[in-house]
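Structure record follows, encoded as structure tokens.
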Amino acid sequence: MKRDLVIIGGGPAGLAAAIEAKKNGIDDILILERDKRLGGILQQCIHNGFGLHIFKEQLTGPEYAQRFIDEVERLGIEYKLDTMVLHLSENKHITALNPKDGIIEIDAKAVILAMGCRERTRGALNIPGSRPAGVFTAGAAQRFVNMEGYMVGKKVVILGSGDIGLIMARRMTLEGAEVKMVVELMPYSNGLKRNIVQCLEDFDIPLLFNHTVIKIHGRERVEGVTIAAVDENRRPIEGTEQYVECDTLLLSVGLIPENELSREANIKINPVTSGAYVNELMETSVDGIFACGNVVHVHDLVDYVTEESYLAGYGAAKYIKGEYFKDETGFNTKAGFGIRYVVPNRINPKNVKDRVNFYMRVNDVYHNVDLVVKDGDRIVYKARRNHVSPGEMENVKLSKEVLEKVEGSELVFALEEVAK
Amino acid sequence: MYDVAVIGAGIVGTSIARELSRYDLSVVVIEKSSDIANGSTKANSGIVHAGYDAKEGTLKAKFNVLGSEMYEGICKELDVPYKRNGSLVLAFNDDDLRHIEILYKRGLTNGVRELEIIDKNKVLSLEPNIQDDVVGALYAKTGAIVSPFELAIALAENANQNGVEFMLSTEVIKVYKEKDVFIIETSKGVVQSRYLVNAAGLFADDINDMLGGERFRIIPRRGEYCLFDKAVGGIVTRTIFQTPTNKGKGILVSPTVHGNLFVGPNAVEMDRKDDVSTTKEGLDEVLRGGSRSVKGLNPRDIITSFTGIRATPDTGDFVINIPTKNAVNAAGIESPGLTASVAIAPYVVSLLEEQGLRLIKKENFIATRQNTKLFINMSEDEKKEVLSKNPMYGRIICRCEHITEGDIVSAIRRPLGARSVDGVKRRVRAGMGRCQGGFCMPRVVEILARELNIPLTEVKKSDEGSFILTGKTK
Ligand SMILES: Cc1cc2nc3c(=O)[nH]c(=O)nc-3n(C[C@H](O)[C@H](O)[C@H](O)COP(=O)(O)OP(=O)(O)OC[C@H]3O[C@@H](n4cnc5c(N)ncnc54)[C@H](O)[C@@H]3O)c2cc1C
Ligand SMILES: Cc1cc2nc3c(=O)[nH]c(=O)nc-3n(C[C@H](O)[C@H](O)[C@H](O)COP(=O)(O)OP(=O)(O)OC[C@H]3O[C@@H](n4cnc5c(N)ncnc54)[C@H](O)[C@@H]3O)c2cc1C
């Protein structure tokens, strides 16, 4: 089968990209989603807090997703559910599988990757101890509780203070479980501040910074964990070990963009984000393959996913219509002091519609800093931030005009301490 | 009343059961775990040793070499993976060189074929990722790798096809003889048999005590492993050993038959036989040890770690003898026991025959068993064919290993099929990949509940007590 645009993943990223591509004149679009419904990870997030930026409203995950699903239906965009993409090649050949059609082979003019991310598991941390039942990633537990209606445990320790872990702390408490503590390796949380307040503080659940789980106990089912404090190098400090009785350990220790397909297609992956390098239209290093959402870098707010994905949809449309400038004009973006990464990585101002929204994360907690963007010595942008933290994504909007004026080969994003 | 009862469904018990199933006999295998191969057989290095290691004249040496020769054929008959990848014992200094010379000679005495001592250049041309300070190696071309639990499951299935009964989740508590009959008291009632085989692994010494055999003890010794992502599975293609020293046998680095890579094991004596936990020190030790041999091992690529327990007999050799009339011990089967087991089995049966068990060959013995062919391993035509009959093959459940619902259902429906999440994982690899079941576990739980017609809360990870869900939400 031949298609103009194939979108892999029907989460918020894939849906927004499809809608925008359609609005920009592409009619032959197919979304492939491996789950039984559209909406992605949002379908299991039944708490409030989605859409504050885009809709200026507090929606639940499924409500937020539904707005986009309705739009996709209204625009008549085709999608296939229960369909897993197995292979993707550099020349945009896709192999997918589903129970209804069997093996599906597609040649696409353009592809948008919107596969989201997956959770890091126990293996990635190599936590010693036994291997009983009762160790779950927070997302797997969330699926059981929110979608199947089953509890995964009664006495819970949560390792990692990522948002899913925080949200599950509240959910498990409301379901009558005892959440004994959240243990965080770092001196700060990767979760949103509002989640720490609403999910832990409001329920008196202690959050232990600079601690980790060093051993899991129990033969068939978890019986307890040993926790310990860690030093500056994140290594357990002898003598600080403490046994905590519990029957469940939830892991909320980070998300990894799901880039197996991208690697197969020889797309260049940024080791810092574990997502693809992308340009001003969210195109990856492979011609005609675009990417957006959590597969590029892990977002904490779905609103940003949506914005970024509109851009990818617009980019793919331009590409298919042949209105896309492929020349060497432009510059790279670079993470300077205090910044861990910036997305997008390369900008050709000719392709920019009105502006580019640059997303970035800082590498530590800082107070009272300026976020500065520089073209050589020239300051292009500067704004005061009272508090920045790796858990909350920063963004800077620069207009096409500003971008056209960049002369150097690099635009550097950095933090500067405010002169007293 | 059974003709023969076998205690233990590890690789030794299942090999013996399959061997017995060739004959017109009623046979039962009694296993305390809920699945086949849940003891030492599930967590070991999976190496078919060439046979240069065991001391000349021991049972270990004899059955190792015999077993190694039989392995490929048996794996073919039973349709399980076997890969003759060869193995290298690395030497890093003159002492090591002298030692591999001894191993070489021992190998020749033991009857190992295709052994060779090779120099540094040859080592590095075979395996470019070996550390540069290697000075030479013993190269055993007959060394091979297998999947121990898949083989044990296959042996059990084939035995079962040929009439052997399996009592799982059934612990032998007491055994005694009344006249010429063994009375076997189990957690699920009494079983009687005329002959008895003790293949109880780590607990074979206890069973031997009950039978009143000559006393020996089994000392549990832990071996820890780290398993790496398939992305780095190709760092080496052969199994890489270190030269054994008086400090220990060294840490090995090896690919697995499914394309992952592991390092391990260390060796730590323990006071408990059932503690399969890993330790920080142990995992650090095996990682350090592996990096002594091979470049490019990054802890970031580890996907899981585990412990196996060796059943080390205090006699120094396998204990294969007659504890009391009409019984046989196949005990203390530590490494190279996986290799030796397939050769031990016919020997144990011959010992039973010597004591009067009549062996009449079955005419309708089914010698081959067909494995569940995973969707991902099918040809394009096979895929189309199976999809047209069963749409469940069109639904991927384990995204890392691309295992479909059809694969999982067939693992459950097979004879002696999967009854737990781990059982599914060991039969068809769902949950074995880089996300270690993070994604598919809830789905596998649902499929198990549906297929077994039990509530979700009854689905177990492995044995009794390993429940996954605690109840419904409010
Ligand atoms: C638990 C949790 C809580 C959150 N809480 C909030 C919050 O309170 N407020 C907020 O604004 N944001 C929140 N977020 C962030 C936001 O929801 C995510 O960033 C957003 O869902 C990411 O969208 P996505 O489309 O990139 O990825 P996903 O939603 O993960 O969608 C990716 C889709 O791709 C599909 N897919 C993947 N691989 C394949 C393949 N090979 N073939 C076919 N389909 C495939 C997946 O099934 C999935 O449906 C939360 C995120 C999580 C995980
Ligand atoms: C770390 C390690 C690495 C190894 N590497 C290799 C290798 O590379 N190559 C090689 O050839 N060998 C190797 N071995 C050796 C090999 O694993 C063993 O020899 C083999 O698995 C032993 O099989 P078994 O059937 O005797 O024991 P097990 O697999 O332990 O089976 C015994 C069974 O008996 C059951 N049982 C015990 N008591 C009772 C009871 N009272 N009632 C009912 N059931 C009972 C247990 O539940 C168990 O399932 C290794 C071993 C270890 C531990």
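A short reminder: the numbers here are calculations on the coordinates, not readings from a lab. Just so you know, these numbers come straight off a predicted model, no measurement behind them. Because the Cβ atoms are built from the backbone with ideal geometry, glycine has one as well, and the counts that use them run over all protein chains shown.
Some observations on this one:
- Structural descriptor for segment B:375-458: relative contact order 23 percent, calculated from alpha carbon pairs under 8 angstrom and at least 6 residues apart.
- The GluC sites (Glu not before Pro) found in segment B:29-76 that occupy coil by DSSP, while having at most 13 further C-beta atoms within 10 Å, are B:Glu56.
- FRET efficiency estimate (nearest 0.05) - Cβ-Cβ, A:Glu404 to A:Asn91, R0 51 angstrom: 0.95
- Reciprocal of mean inverse Cα separation for segment A:222-274 (Kirkwood radius, Å): 14.7
- Mean-square fluctuations from a GNM of chain A, with a 10 angstrom spring cutoff on Cα atoms, peak among A:Gly153, A:Gly275, A:Gly11 at A:Gly153.
- For segment B:375-458, a simple Cβ point-charge model (Lys and Arg +1, Asp and Glu -1, everything else neutral) yields a dipole of about 160 debye relative to the Cα centre.
- Projected label points at B:Arg113 and B:Glu354, each 7 Å from Cα along the beta carbon direction, are separated by 2.8 nanometres.
- Selection of GluC sites (Glu not before Pro), segment B:328-431, meeting DSSP coil and at most 10 other Cβ within 10 Å: B:Glu363
- For segment B:273-301 versus segment B:196-257, the inter-centroid distance based on Cα atoms is 15 Å.
- At least 15 Å along the helix axis (C-alpha) and Kyte average at least 0.0, DSSP helices within chain A: A:12-23, A:163-174
- FRET efficiency, B:Glu72 to A:Asp287 (Cβ-Cβ, R0 51 Å, nearest 0.05): 0.60
- Whole-angstrom gap from segment B:383-442 to segment A:143-203, using each part's C-alpha centre: 30
- Distant-in-sequence amide contacts of B:Lys460, defined by a placed amide H-H separation under 5 Å and a gap of 5 or more residues or a different chain, comprise B:Val421.
- Extension gain from A:Gln58 to A:Glu323, taking 0.36 nm per residue of separation minus the Cα-Cα distance: 91.6 nm
- In the protein assembly as shown, taking the dipole from charged Cβ atoms about the Cα centre, the farthest positive-side position among A:Ala316, B:Thr41, A:Cys117 is held by B:Thr41.
- Relative contact order of chain A, defined on C-alpha pairs under 8 angstrom at six or more residues apart (%): 16
- Calculated FRET efficiency for the pair B:Asn364/B:Ser26, C-beta based, R₀ 22 Å, to 0.05: 0.90
- Per-selection Kirkwood Rh - chain A (Cα, Å, 1 d.p.): 22.6
- Counting only DSSP beta bridges whose two residues both lie in the protein assembly as shown, roughly 65 percent are antiparallel.
- Spatially, segment A:260-316 and segment A:323-392 are offset by 16 Å when compared through their Cα centroids.
- Angstrom value of the Kirkwood radius, inverse mean 1/r, which spans all Cα pairs in segment A:329-420: 13.3
- Per residue, the convex hull around the alpha carbon atoms of segment A:281-362 comes to 95 Å³.
- Overall, chain B carries a charge dipole of about 900 debye about its Cα centre when +1 sits on the Cβ of Lys and Arg and -1 on the Cβ of Asp and Glu, all other atoms neutral.
- Dividing the mean sequence gap of close Cα pairs (under 8 Å, 6+ apart) by how many residues chain B holds gives a relative contact order of 19 percent.
- Extending 7 Å from the Cα toward the beta-carbon at both B:Gln131 and A:Val418 defines two label points whose distance is 5.4 nm.
- Rg and Dmax of segment A:121-253, both derived from C-alpha coordinates alone, stand at 13.6, 42 Å.
- Magnitude of the charge dipole, the protein assembly as shown, Cβ model with Lys/Arg +1 and Asp/Glu -1, debye to 20: 620
- Distribution of pairwise C-alpha distances over chain B, 10 Å bins, in %: 4, 19, 30, 27, 15, 4, 0, 0
- Pairs of alpha carbons in the protein assembly as shown separated by more than 36 Å make up 54% of all such pairs.
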